[in-house]
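Single-structure report; data block below.
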Number of protein chains: 2
Amino acid sequence: MKLSTRSKYGLRALLDMAAHVDDGAVTLKELAKRNNIPVKFLEQIFLALRNAGVVRSRVGAQGGYHLARLPKEITLGEVIRVLDGTIAPVGCVSQIAYEPCTCPDMETCALRAAMNRVRDAIVGVVDTMSLADALAQTKTRTRRNGRSD
Amino acid sequence: MKLSTRSKYGLRALLDMAAHVDDGAVTLKELAKRNNIPVKFLEQIFLALRNAGVVRSRVGAQGGYHLARLPKEITLGEVIRVLDGTIAPVGCVSQIAYEPCTCPDMETCALRAAMNRVRDAIVGVVDTMSLADALAQTKTRTRRNGRSD
DNA sequence: AGGAATCCCTACTAATTCCGTGGGAATTGT
DNA sequence: ACAATTCCCACGGAATTAGTAGGGATTCCT
């Protein structure tokens, strides 16, 4: 159930941008340095984010990136979908990246039904949590809730 | 956020066993055939499940596997942990397979806080859903609920 | 105008993870 | 004895993903 490094980096950088949203545009170089991310890899990631309309860019000297919308209008789910292509734990429950599985009978597949619920649980979090929400939560002290793993 | 094929196969096979729990022991060969899984791969998977106390085995002719507990006493979460080692979407929020991430400051990492909630959401489903629950849900007609991806 | 900074794009390599296979030993029922 | 089966570990290869290389286009500054 791992999140790709690609999405991890992308989210980390975007959260940083959201935190410094008042400072105007920021360069990849700066973003990469601040967040411990290889510049060239981040470049690739931001290309995708730009094409998806999550960030906007300005080329040339004094150029850089800025968020295309307010932090509260960008959800984690949107970003993950852009960077990973899907969120669903198995292909057979994904709408945007559906792929049939090899189970003998998909209609009565108990695993599929269960994974549907898992997907809903994940989506329920990431699609309702914006960059702003994520930042706010951290500021008010991360309270752990005990569930293991 | 993908579930490994390993866990997928393991769960599929266990659900099958749970559905036929009254038939006594079943061989890997049979399980593999019924569920479209490569025998040798399934063998590996069941070795792990056996060591973890999820199934019990009997060697020799007329041997086979059977569940170590009732279907309602085996959760999906337990199985996934055995087969994948962890459930958490990122290493830095896993208790049983913790791994520090490369973010500049872990204490104030907004992504970590967010992923904590995702993990809780996933765990909330898989740790409360037993093999029996998963089967029951399918029998009562899988009702889709619309969330996309 | 020239140079420096920066994004844009594609292709490639490297690393890792994961799926699946092989072969043989031990055990048990017929 | 023989056949069926679990047990065990190691290995090969495929696929995915992380990260790199390099050059082009655009804009700003002096």
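Assuming B:LEU14 fulfils every condition listed in (1) under 30 Å from A:ARG81 (Cα atoms); (2) surrounded by 21 or more Cβ atoms within 10 Å (Cβ to Cβ) apart from one, which condition is it?
Answer for B:LEU14: the failing condition is (1).
Identify, please: which residue in segment B:87-102 is without any contact (Cβ under 8 Å) to a residue 12 or more places away in the chain and touching a helix residue (DSSP H, G or I) at 6+ places or on another chain (Cβ under 9 Å) and is, among those, nearest to the other protein chains (Cβ to nearest Cβ)?
B:THR102
Which count do you get for residues in segment A:22-35 that are more than 11 Å from DNA strand C (Cβ to nearest atom) and within 14 Å of A:SER57 (Cα to Cα)?
1
Pick out the one residue from A:LEU49, A:LEU67 that is within 16 Å of the chain's Cα centre (by Cα), within 25 Å of B:CYS101 (Cα to Cα), within 11 Å of DNA strand C (Cβ to nearest atom) and not polar (S, T, N, Q).
A:LEU49
If you check every pair at least six apart or on different chains, which have Cβ atoms under 9 Å apart with a residue in segment B:35-60 that is within 14 Å of another protein chain (Cβ to nearest Cβ) and within 12 Å of B:LEU83 (Cβ to Cβ) first and a residue that is of a type outside the set (Ser, Thr, Tyr) and within 10 Å of DNA strand D (Cβ to nearest atom) second?
Here the result reads B:PHE41/B:ALA32; B:LEU42/B:LEU28; B:LEU42/B:LEU31; B:LEU42/B:ALA32, each pair linking segment B:35-60 to a residue that is of a type outside the set (Ser, Thr, Tyr) and within 10 Å of DNA strand D (Cβ to nearest atom).
Looking only at segment B:69-99, how many residues end up being modelled with pLDDT under 95 and basic (Lys, Arg)?
0
When segment B:82-129 is examined, which residues are found to be over 20 Å from A:GLN137 (Cβ atoms) and of a type in the set (A, V, I, L, M)?
Of everything in segment B:82-129, those that are over 20 Å from A:GLN137 (Cβ atoms) and of a type in the set (A, V, I, L, M) turn out to be B:VAL82, B:LEU83, B:ILE87, B:ILE96, B:ALA97, B:VAL125, B:VAL126, B:MET129.
Filter segment A:61-77 down to the residues that are under 20 Å from A:HIS20 (Cβ atoms) and within 12 Å of chain B (Cβ to nearest Cβ), then identify the one that is surrounded by the most Cβ atoms within 10 Å (Cβ to Cβ).
Step by step, filter segment A:61-77, then rank; the result is A:LEU76.
Can you name the helices (runs of 4 or more DSSP H) wholly within segment B:1-105 that have at least 3 residues being in contact with a strand residue (DSSP E or B) (Cβ under 7 Å, 6 or more places away or on another chain)?
Here the list reads B:39-51.
The values are calculated or read from the model by the stated rules, or taken from the named source; none is laboratory data. Predicted model only: the values in this text are computed from it and were never measured. Quick reminder, even Gly has a Cβ in these numbers, built from the backbone with ideal geometry, and neighbours come from all protein chains shown.
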